[in-house]
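K.L.:
What follows is a structure written as structure tokens; I'll ask about it next.
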Amino acid sequence: MNYNFPIWFWAFATLIMINIAVFGLFGWDKRAARLNNRRVPEATLLLWVFMGGGAGALSGQKYFRHKTQKQPFKSQMMVIIAAQIFLITAYAVMSAMGINVGQVLNEFWWSLAGSNR
């Protein structure tokens, strides 16, 4: 068998698995809340959303009817998801314009680091 898949395939597969895990975490937390058991900390849920689990979080919120009104959690989650959408859109637009995004990010990083290379 040949497992030489392109990097985008592995990135997509990882995002799918993260979103499934986040969906499950929302279900786990809802069950724990109902049974008065130990809960999943909000910081943990937000970390998983930050790592790319926004779709799983939104799906889990809706399916389990969990953390739909809780503030500031809801606002923080939406800011993370909006920032991710913005960055993905910016990457797509820059790539479509023929801009080498990797090179731009590399130059930006070194300008922050103050190195002349």
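The values are calculated or read from the model by the stated rules, or taken from the named source; none is laboratory data. Predicted, not measured: the structure shown is a model, and the values here were computed from it. In this analysis, Cβ positions are derived from the backbone assuming ideal geometry, glycine residues included, and neighbour counts consider all displayed protein chains. Note: areas computed on protein heavy atoms with side chains; ligands, DNA, RNA excluded. Shrake-Rupley method; radii C 1.70, N 1.55, O 1.52, S 1.80 Å.
K.L.:
Does Val79 meet the test of being modelled with pLDDT of 90 or more and under 15 Å from the mean Cα position of the chain (by Cα)?
P.N.:
Values: modelled with pLDDT of 90 or more: yes; under 15 Å from the mean Cα position of the chain (by Cα): yes.
Yes; evaluated as a whole, the condition is true for this residue.
K.L.:
Which one of these is assigned to a loop (DSSP other than H, G, I, E, B) and free of Cβ contacts under 8 Å to residues at least 40 places away in the same chain: Lys74, Lys70, Lys62? Quick ask: steps written out before the conclusion?
P.N.:
Numbers: Lys74 fails: assigned to a loop (DSSP other than H, G, I, E, B); Lys62 fails: assigned to a loop (DSSP other than H, G, I, E, B).
After ruling out the rest, the residue left standing is Lys70.
K.L.:
Let me ask something else about it. Among the numbered conditions (1) in contact with a Lys or Arg (Cβ under 9 Å, 6 or more places away or on another chain); (2) more than 19 Å from Trp48 (Cβ to Cβ), tell me where Leu112 comes up short.
P.N.:
Every condition holds for Leu112 apart from (1).
K.L.:
I've got another one for you. Would you please list the contacts, defined by Cβ atoms under 7 Å and residues six or more apart or on different chains, that run from a residue in the stretch 27-52 that is farther than 12 Å from Ile80 by Cβ to a residue that is of a type in the set (Lys, Arg) and surrounded by 13 or more Cβ atoms within 10 Å (Cβ to Cβ)?
P.N.:
Once the first residue is farther than 12 Å from Ile80 by Cβ and sits in the stretch 27-52, its partners that are of a type in the set (Lys, Arg) and surrounded by 13 or more Cβ atoms within 10 Å (Cβ to Cβ) give Asp29/Arg39; Ala32/Arg39; Ala33/Arg39.
K.L.:
Sticking with this one: Mind listing just one residue for me: the one in the stretch 64-86 that is in contact with a Lys or Arg (Cβ under 9 Å, 6 or more places away or on another chain) and more than 15 Å from Ala33 (Cβ to Cβ) and, of those, most open to solvent (accessible area, probe 1.4 Å)?
P.N.:
So in the stretch 64-86, the residues in contact with a Lys or Arg (Cβ under 9 Å, 6 or more places away or on another chain) come out as 64-68, 73-74, 77.
Imposing the further condition that a residue be more than 15 Å from Ala33 (Cβ to Cβ) reduces the set to 74, 77.
Numbers: Lys74: 70, Met77: 0 Å².
This residue is Lys74.
K.L.:
Something else about it: Identify the residue in the stretch 10-33 that is modelled with pLDDT under 95 and open to solvent by 100 Å² or more (accessible area, probe 1.4 Å) and, among all such residues, is farthest from Ala55 (Cα to Cα).
P.N.:
Restricting to residues being modelled with pLDDT under 95 and open to solvent by 100 Å² or more (accessible area, probe 1.4 Å), the top hit is Trp10.
K.L.:
Taking Thr89 as the residue in question, decide whether it is under 12 Å from the mean Cα position of the chain (by Cα), among the hydroxyl-bearing types (Ser, Thr, Tyr) and open to solvent by 40 Å² or more (accessible area, probe 1.4 Å). Outline the logic, then answer.
P.N.:
Details: under 12 Å from the mean Cα position of the chain (by Cα): no; among the hydroxyl-bearing types (Ser, Thr, Tyr): yes; open to solvent by 40 Å² or more (accessible area, probe 1.4 Å): yes.
No.
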